[in-house]
Each structure stands twice: as structure tokens, then as C-alpha cells.
């Protein structure tokens, strides 16, 4: 998982509007897609994209608020 995470952080994730995958998310996706596929892979991958996009928007908003001079 550490190798996948390092590779993920090496590429530019800002282009697709997503934050890089975290170790926890890589583990969660591996378990749900390979070990115990309860729901469809498309559902899990869609959830991961939604979560990462949401976190990217939250991070950008936080940085935008912190950059405004008081």
C-alpha cells in the first residue's frame, strides 16, 4: 500500500480535481474490491471519487479562508 500511495502522491492529482489516495483509502478500496466485493466495483470507485473531490473542495475552501487577510 505504501508503494501505491507514493506513486499516487508522485503524480499530479490537481488536474482531475481529486486529492491523492491515502493509505486508509487504498486499504478500504482493496478490501471492498478484492477481498469482500459486497457492492459493485463501480459503486465503490464512484464513492471514492466523490469523497476525494469533496475533500479537495474542502481543502481549497479552507486555504482560501486562511489566505484572506484579517
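Since every read-out is calculated from the coordinates, none of them should be taken as a lab result. Predicted model only: the values in this text are computed from it and were never measured. For neighbour counting, all protein chains shown are included, and Cβ atoms are generated from backbone atoms with ideal geometry for every residue, glycine included.
Please list 40-51, 19-30, 55-66 highest first by mean number of surrounding beta-carbon atoms within 10 Å per residue. All intermediate terms of the calculation are to be shown ahead of the outcome.
Numbers: 40-51: 12.7, 19-30: 15.8, 55-66: 10.9.
Most protected by this proxy first, the peptides run 19-30, 40-51, 55-66.
Using the basic label-point model (7 angstrom from Cα toward the beta carbon), what is the residue 31 to residue 7 distance in nanometres?
Each label point lies 7 Å from its Cα, and together they span 2.2 nm.
Based on the Kirkwood radius over alpha-carbon pairs, what value in µm²/s does the Stokes-Einstein equation return for the translational diffusion coefficient of segment 23-70 at 25 °C and 0.890 mPa s? Can you show the working numbers first?
Values: Rh = 12.4 Å.
Reported coefficient: 197 µm²/s.
Using 0.36 nm per residue of separation minus the Cα-Cα distance, give me the extension gain between residue 42 and residue 55 in nm, one decimal.
Numbers: separation 13, 0.36 × 13 = 4.68 nm, distance 1.99 nm.
Net length gain for the segment: 2.7 nm.
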